1. Would you check if residue B:256 is surrounded by 14 or more Cβ atoms within 10 Å (Cβ to Cβ) and touching a strand residue (DSSP E or B) at 6+ places or on another chain (Cβ under 6 Å)?
2. How many residues are out of contact with any Pro (no Cβ under 8 Å at 6 or more places or on another chain), within 20 Å of residue B:115 (Cα to Cα) and of a type in the set (Gly, Ala, Ser) if we restrict to region B:81-103?
3. Name the pairs: first residue in region A:49-78 and touching a residue at least 60 places away in the same chain (Cβ under 8 Å), second residue surrounded by fewer than 22 Cβ atoms within 10 Å (Cβ to Cβ), Cβ to Cβ under 6 Å, at least 6 apart or on different chains?
4. Which of (1) assigned to a helix (DSSP H, G or I); (2) more than 12 Å from DNA strand C (Cβ to nearest atom); (3) in the same structural domain as residue B:131 (by TED's automatic domain parsing); (4) among the charged types (D, E, K, R) is the odd one out, the single condition residue B:102 does not satisfy?
5. If you go through region A:71-79 one residue at a time, do you hit one that is out of contact with any helix residue (DSSP H, G or I) (no Cβ under 8 Å at 6 or more places or on another chain) and not assigned by TED's automatic domain parsing to the domain that holds residue A:131?
6. Looking only at region B:183-217, which residues are among the acidic types (Asp, Glu) and surrounded by 14 or more Cβ atoms within 10 Å (Cβ to Cβ)?
7. Among the residues of region B:88-112, count how many are surrounded by fewer than 22 Cβ atoms within 10 Å (Cβ to Cβ) and out of contact with any Leu (no Cβ under 6 Å at 6 or more places or on another chain).
8. Keeping to region B:233-268, report how many residues are over 23 Å from residue B:77 (Cα atoms) and not aliphatic (A, V, I, L, M).
Protein chains: 2
Amino acid sequence: MKKNVTLKQIAKELGVSVSTVSKSLRDNEEIGLETRQKIQAFAKMYNYKPNSIALNLRNKSTNSIAIILPQIVNHFFTNVVQGIESEANRRNYNVIIAVSNDSFEKEVLNMETLVNGSIDGFILSVAKETMKRGDYHHFNETISQGVPIVMFDREVQEVNCDKVVIDDVQGAKEATQKLLKTGCKRIVFITTEDFVSVGNLRLKGYKEALIESQIEIDDALIIKVKDQFSSDEIEKFIFQELEKLIQIYPDVDGLIGVNEFYTITAANYFKKKGSKIPGEVSIIAFSDGDLPKYSYPSLTAVRQHGREMGEAAAKLLLDKLEGITPEEEYQTIVIETELKERESTK
Amino acid sequence: MKKNVTLKQIAKELGVSVSTVSKSLRDNEEIGLETRQKIQAFAKMYNYKPNSIALNLRNKSTNSIAIILPQIVNHFFTNVVQGIESEANRRNYNVIIAVSNDSFEKEVLNMETLVNGSIDGFILSVAKETMKRGDYHHFNETISQGVPIVMFDREVQEVNCDKVVIDDVQGAKEATQKLLKTGCKRIVFITTEDFVSVGNLRLKGYKEALIESQIEIDDALIIKVKDQFSSDEIEKFIFQELEKLIQIYPDVDGLIGVNEFYTITAANYFKKKGSKIPGEVSIIAFSDGDLPKYSYPSLTAVRQHGREMGEAAAKLLLDKLEGITPEEEYQTIVIETELKERESTK
DNA sequence: TTGTAAGCGTTATCAG
DNA sequence: CTGATAACGCTTACAA
């Protein structure tokens, strides 16, 4: 095991000073061509790589940004990561990812361990638990220490920073309108509990579309799934609720779910019942993932353009880091959704 | 924006030396109780956090490990990450994730940017492109620089390091045996091209099971999907191949796919044809993911115990980092698979 | 009990 | 053209 060579070692071997080596390797004209080339050759031979920790310490900048994701296995987040990476790599930044698992504590921990020098800025989507608690001190502290944050998707109004969000209201509205236009009269909406901003906004869009079409909003058609449910409990709960609903309204003919799991579970309920999709029930999911695509029949989905979001978020962050945008000026960029029509709607 | 306080600043404010501050904050008995407490209080007030970069540089150790994943949106990898995180956090290590996107170049780049001081060791699953090229210099160089690597799932024999693998052969064998036992006579096997070790091993298990049951291996039943296909092309290809196959063998009654996408696509083919699952065709997927679970009917799957793999991998790495295991002693841990029976088999 | 100084690997500044 | 020195923030012998 040969540890990485350092400037010092090279200098000693070659009988020159450390600064000469440093300059030579950065191809500084100050150093005589001959010496420079000799040193460069030697360094290449020994596979010299500058120690990035030392560089970071010296430069007070790491050229790295961190993404903190609530969950890692989420197609939408993945797309966002790809967008961030493409923009960041283009601008010579390194990207590392940490996962909060939707836990407040892990979110705080992750930020604390990274904030002290390891990275220059954060791009994050807020953990559910954090939203529930409403405790945002870690965000504000980070920002006030000069480490900028860009929030995407799940953001909190209480924190003043750059944001990239989806037009959730509009997306849900369009989905609802699509169902209405194809003749649906009684549309079920499956969403999360109220404290999740995204679920709330989507519910708002659903309601707006109904109101604009002069359809009365019926709270019985809105199913709210508890956050702490396991996936088995979610299935059980959704099946139960739909069962009850169908008793009251046998003529349910449309359904929108705020994520792919809720939606596909509901779709499976109707498949089990033998209902025709989209003949008897039309279904739309919010999702960038594979579930709707590989489902049979495949599900129409509201796509969230994760990649674009990521690019926008990275742009905001890097512009701030590089002083292109003034420090105290925050923007919120809204990314439009797209209705990807598949087989589950007419 | 108030930057983080440094020892120096605290020292100046309090009119003591930097080392006094340092010692006090580490609660060193050397320093008088009074001074110590005063300094500690002051530090707390100013929210002092040691600069981790400086610590890393000094200690030549970061207490961080990096995971390099071929893809991020993969339920199996996610489970592995969780396993790694739980073991690493328990032992006070931080985990960061980087993604190679199955690209050789990105894999090399990621390792190079991280290896110079940012992390103490790697846990990784080899990118497909790397396996195809057979170029493993970056692994060997990293190891010879004293940064240990643990490979999981996709490993290469040519590199001498700790490994955690799945018993792919056994998993595929059991899946095949399950189908045989429930009466299947003609089992299709959908796999990757030969250079992907995992696909190959699974194919081997399939063949072994057939041979042991004295069934002749029919290469026509083995579909190999090209790696560079997009997901639409995969669907088209699998549909085509199955169509051809059904012409020759209308009595195909079983199918195993080496990943969830291939399998679910094949399942959709049979659904489209109107075949009963599992009445006419029984299906088994290799997967830890959601697709088989949420499919209708849900698919029986070979589970890979990602979490355990992650824990085992982290244990191997950390034991090496902490000198618990000798440096030049490499182990390969084999994790058993589990057949999760669902609705797609009898 | 407290402080000084060296060192981790690098670069920028200034002097030779 | 080359080299010594200081600095980034921290720890730790060793002095005082």
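1. Considered against the rule, which asks whether it is surrounded by 14 or more Cβ atoms within 10 Å (Cβ to Cβ) and touching a strand residue (DSSP E or B) at 6+ places or on another chain (Cβ under 6 Å), residue B:256 comes out as yes.
2. Total satisfying the criteria: 3.
3. Qualifying pairs under 6 Å: A:57/B:54; A:57/B:57; A:70/A:102.
4. Exception for residue B:102: condition (1).
5. no
6. Scanning region B:183-217 gives B:193, B:208.
7. Residues that pass the stated criteria total 13.
8. Qualifying residue count for the region: 16.
The values are calculated or read from the model by the stated rules, or taken from the named source; none is laboratory data. Since we're looking at a predicted model, the values are computed, not measured. In this analysis, Cβ positions are derived from the backbone assuming ideal geometry, glycine residues included, and neighbour counts consider all displayed protein chains.
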